[in-house]
Structures are given as C-alpha cells and as structure tokens.
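The structure under discussion appears below in the form of structure tokens.
The values are calculated or read from the model by the stated rules, or taken from the named source; none is laboratory data. Predicted model only: the values in this text are computed from it and were never measured. Here the Cβ is made from the backbone with ideal geometry for all residues, glycine too, and neighbour counts use every protein chain on show. For the accessible areas, the whole protein counts, side chains as well, though only heavy atoms, and no ligand, DNA or RNA atoms are used. Shrake-Rupley method; radii C 1.70, N 1.55, O 1.52, S 1.80 Å.
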Amino acid sequence: EIGDKDTDIFNCTRGIRATTTTGFVSVLVENTAFQNNNQDGIKLETGGFASVRDSIISLNATGVNVTGGGNSGANLIGTMVVGNSLVGLNANNNTCRIGGSTFIGNTTGISQSAANTVKTFGDNNIADPVSGGVIQLIPQQ
C-alpha cells in the first residue's frame, strides 16, 4: 500500500504509476494536486488500484489512466478532474467509481470500453463528453 497526502506532483512524465506482477498494489491519495504532467496524472496498470479523495487532477494529457485489463481500478471521491488535454478518466474495461467529483474542460471527461464500467453515486458535476455508453448509477443506501 502506498499513501500520498498533501502533495503537489507536477511537471513529470507521470504523477503516479502503480503496477505489479503478482497480486495488487493499492494507492491512497488525499489532498494532492497532479498538474502539468506530460502523460498521466495517475496511471494504474496491472494490479494497480487507487482511491483519490479531495484532490485536483489537471492539465495532464490524461488525468487518470486505468489500463490494467480488468485487474485495476480507481475511486475518485470529491476530486476535480479539470483541463486534461485528452481524457479526464480513462477507465477502459476496469471498474471505476466516482462520487462528488467534477469533470470540466477535458476533451473527453470519461471514457470507458463498455456502458456501466464507471459507477457513479449520482452527485458529480460532469460537463464533458462521456464515451463508451452510460455511467451506472449506484443507488444510495
């Protein structure tokens, strides 16, 4: 498990990259800014999982790039995903969850390989296009 709190990560190739050859690696991020990175603010490859809370992911090529082939995922809670030149959240075919988050000024706000890959708690602000079908609403309990 990797933790990152109260940090600015900027002007890198990637802000954080998580991958493993066996099992999984969990990244916990809170109150962190990922800005002006050449490729990804956060990249989650094979076995990479991230929970991001109260953070800003902006001005990267892709904000959060989840490429683990179904063996990775991201949770974005209270996070601003703003002004990324390609995609705010690129879920591919990996389950991702968003709640209380904002997607504004990205070329594509959310991209998924199939409908319902990205789950929402229904309290997000999404002004950007969503590709790959509808986002699945998780009912409040």
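Data for the structure
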read-out: Count of segment 99-141 residues which are part of a strand (DSSP E or B), under 14 Å from G88 (Cβ atoms) and either out of contact with any Cys (no Cβ under 9 Å at 6 or more places or on another chain) or without any contact (Cβ under 8 Å) to a residue 12 or more places away in the chain (or both); value: 11
read-out: Test: A127 is under 30 Å from T21 (Cα atoms), of a type in the set (A, V, I, L, M, F, W, C) and over 13 Å from the mean Cα position of the chain (by Cα); value: no
read-out: Selection from segment 106-119 of residues that are farther than 14 Å from N75 by Cα and crowded, with 17+ Cβ neighbours inside 10 Å; value: N106, T108, G109, S111, Q112
read-out: Residue in segment 1-47 that is least open to solvent (accessible area, probe 1.4 Å), counting only those that are β-branched (V, I, T) and assigned to a loop (DSSP other than H, G, I, E, B); value: T32
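Conditions (1) in a loop (DSSP other than H, G, I, E, B); (2) touching a strand residue (DSSP E or B) at 6+ places or on another chain (Cβ under 7 Å); (3) closer than 18 Å to T20 by Cα; (4) basic (K, R), marked per residue:
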{"site": "F49", "(1), (2), (3), (4)": "no, yes, yes, no"}
{"site": "I57", "(1), (2), (3), (4)": "no, yes, no, no"}
{"site": "N71", "(1), (2), (3), (4)": "yes, no, yes, no"}
{"site": "N75", "(1), (2), (3), (4)": "no, yes, no, no"}
{"site": "R97", "(1), (2), (3), (4)": "no, yes, no, yes"}
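Here's the yes/no breakdown for (1) touching a His at 6+ places or on another chain (Cβ under 8 Å); (2) more than 18 Å from D8 (Cα to Cα); (3) without any contact (Cβ under 8 Å) to a residue 40 or more places away in the chain; (4) not acidic (D, E):
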{"site": "T32", "(1), (2), (3), (4)": "no, no, yes, yes"}
{"site": "N36", "(1), (2), (3), (4)": "no, no, yes, yes"}
{"site": "Q39", "(1), (2), (3), (4)": "no, no, yes, yes"}
{"site": "L44", "(1), (2), (3), (4)": "no, yes, no, yes"}
{"site": "R53", "(1), (2), (3), (4)": "no, no, yes, yes"}
{"site": "L59", "(1), (2), (3), (4)": "no, no, yes, yes"}
{"site": "T67", "(1), (2), (3), (4)": "no, yes, yes, yes"}
{"site": "N71", "(1), (2), (3), (4)": "no, yes, no, yes"}
{"site": "V81", "(1), (2), (3), (4)": "no, no, yes, yes"}
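One line per residue, one yes/no per condition, for (1) among the basic types (K, R); (2) under 19 Å from A33 (Cα atoms); (3) open to solvent by 30 Å² or more (accessible area, probe 1.4 Å):
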{"position": "T62", "(1), (2), (3)": "no, yes, no"}
{"position": "G68", "(1), (2), (3)": "no, no, no"}
{"position": "N75", "(1), (2), (3)": "no, yes, yes"}
{"position": "N94", "(1), (2), (3)": "no, no, no"}
{"position": "G100", "(1), (2), (3)": "no, yes, yes"}
{"position": "F121", "(1), (2), (3)": "no, no, yes"}
{"position": "I126", "(1), (2), (3)": "no, no, yes"}
{"position": "G132", "(1), (2), (3)": "no, no, yes"}
{"position": "I138", "(1), (2), (3)": "no, no, yes"}
